[in-house]
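To keep things clear, I will list the structure first and then write my remarks on it.
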Amino acid sequence: MTFNSKTKERIDWIDYAKALGVFLVIMGHTYKGYSFIGWIYSFHMPLFFFLSGITLKIEQISCKEFLKKRVKSLLIPYILYSIVYIMLEVIKSGLNGNMDETIKYFLRDAFWIRGQQATIGLWFLPLLFLVEVLLMVVYKGIRSKNLRAASVLFITAMGFLYADKIGKALPWGLDAALVVIFFLYAGYVFKQICLSSWMNGKQKDIFKYSIIGVGLLFANIIFNNYNMKLIGDNADMYSLRYGNEILYILSALAGIGFISIVLGYILKNVKSRFWRFMGRNTLHIYCLHGLALMFVRKVLNLYVIKEEDSLRVIGIDIVLSVCTFLLCFVVIWGAKYIGNIILSKVKEK
């Protein structure tokens, strides 16, 4: 997807940010209780929704066309990946002799609430679908910009209230959708108001943006550390654990701002086909990385590593994350390559 031929670097920046974000997701699912994971969880999921807001098209198309595109790009992959994982679980359960109960548990997690280790990334797809539809309803149903903003803030407040008072996961991540609509909306408004002028900033402004970026990083760390002290743990959207709502939003926005400045402005002239490819396939990486991580663990026999050997485990977790990321690249690139060969053969006939 591109905005126009003159703004290709914006898409590159968004792709790089998505690729970095999904790598941080993998690290977050790999690391075992280090303070670094708290920093990752302070902004990595809000970052995805902010970036999705930048690329989102609502007002330009009809509701029918919007839903058609989102079903095709989000729900169909979600269902297909779920079916694949269910088939794998059927084989595994049949070999272990406990097929019925395992499949029931797996079906519930895959299609209802949350995934197991292998399917942990699947919940993101219906969540993104729901929150985009929710924002579409706000934009199509309300003409006033101020009322739209107020509606988003109200929905977000209700999401935080639900997480605090009830705290039970809802189907397809609806509970999280009520909160992350704030970040999707922020990205959408950012695109409309200041993306073009910001991206066309002069090279001489790099020093100024570098100072701002460092300030945002420190703000993110300070807000998040204070919030973690209040929670007694790291913030986690998946577990409906936000802590202080204001601190959560401020730390997330500061983290988003830091990543956006570094990748979208300071390093905007750096080009990488690998990171662009990974950024454009983040949804597939989300769906595959749980299974890829399990495979890498098995291959490296990491279950024999002692948890108290912290330095060794940290190093191994980094290796795990990198190997999982690269394995996802190999699988996705290989699937696309084979698919292109098959399509070319079909066209020749």
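Let's see how each residue does on (1) β-branched (Val, Ile, Thr); (2) more than 27 Å from Val84 (Cα to Cα); (3) crowded, with 22+ Cβ neighbours inside 10 Å:
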site: Val214; (1), (2), (3): yes, yes, no
site: Phe223; (1), (2), (3): no, yes, yes
site: Met228; (1), (2), (3): no, yes, no
site: Glu245; (1), (2), (3): no, yes, no
site: Arg273; (1), (2), (3): no, yes, no
site: Ile285; (1), (2), (3): yes, no, yes
site: Arg297; (1), (2), (3): no, no, no
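Pairs linking a residue in region 197-216 that is under 10 Å from Ile261 (Cβ atoms) and modelled with pLDDT of 80 or more to a residue that is part of a loop (DSSP other than H, G, I, E, B) and not charged (D, E, K, R), with Cβ atoms under 8 Å and 6 or more positions apart or on different chains, are Tyr209/Gly201. Elements of the type helices (runs of 4 or more DSSP H) sitting completely within region 193-297 and holding at least 1 residues that are of a type in the set (S, T, N, Q) and more than 23 Å from the chain's Cα centre (by Cα): these cover 195-199, 206-231.
Given the structure, is Gly167 surrounded by fewer than 17 Cβ atoms within 10 Å (Cβ to Cβ), of a type in the set (Gly, Ala, Ser) and in a loop (DSSP other than H, G, I, E, B)? Don't jump to the end; show me each part of the working.
On the way: surrounded by fewer than 17 Cβ atoms within 10 Å (Cβ to Cβ): yes; of a type in the set (Gly, Ala, Ser): yes; in a loop (DSSP other than H, G, I, E, B): yes.
Criteria met by Gly167.
Between Val84, Val71, Val138, the distinction of being over 21 Å from Leu47 (Cβ atoms), at pLDDT 90 or above, surrounded by 12 or more Cβ atoms within 10 Å (Cβ to Cβ) and not assigned by TED's automatic domain parsing to the domain that holds Tyr242 belongs to Val71 only.
The values are calculated or read from the model by the stated rules, or taken from the named source; none is laboratory data. The shown structure was predicted, so the numbers you read here are calculated from the model rather than taken from an experiment. Cβ: placed from backbone, ideal geometry, glycine included. Neighbour counts: every protein chain shown.
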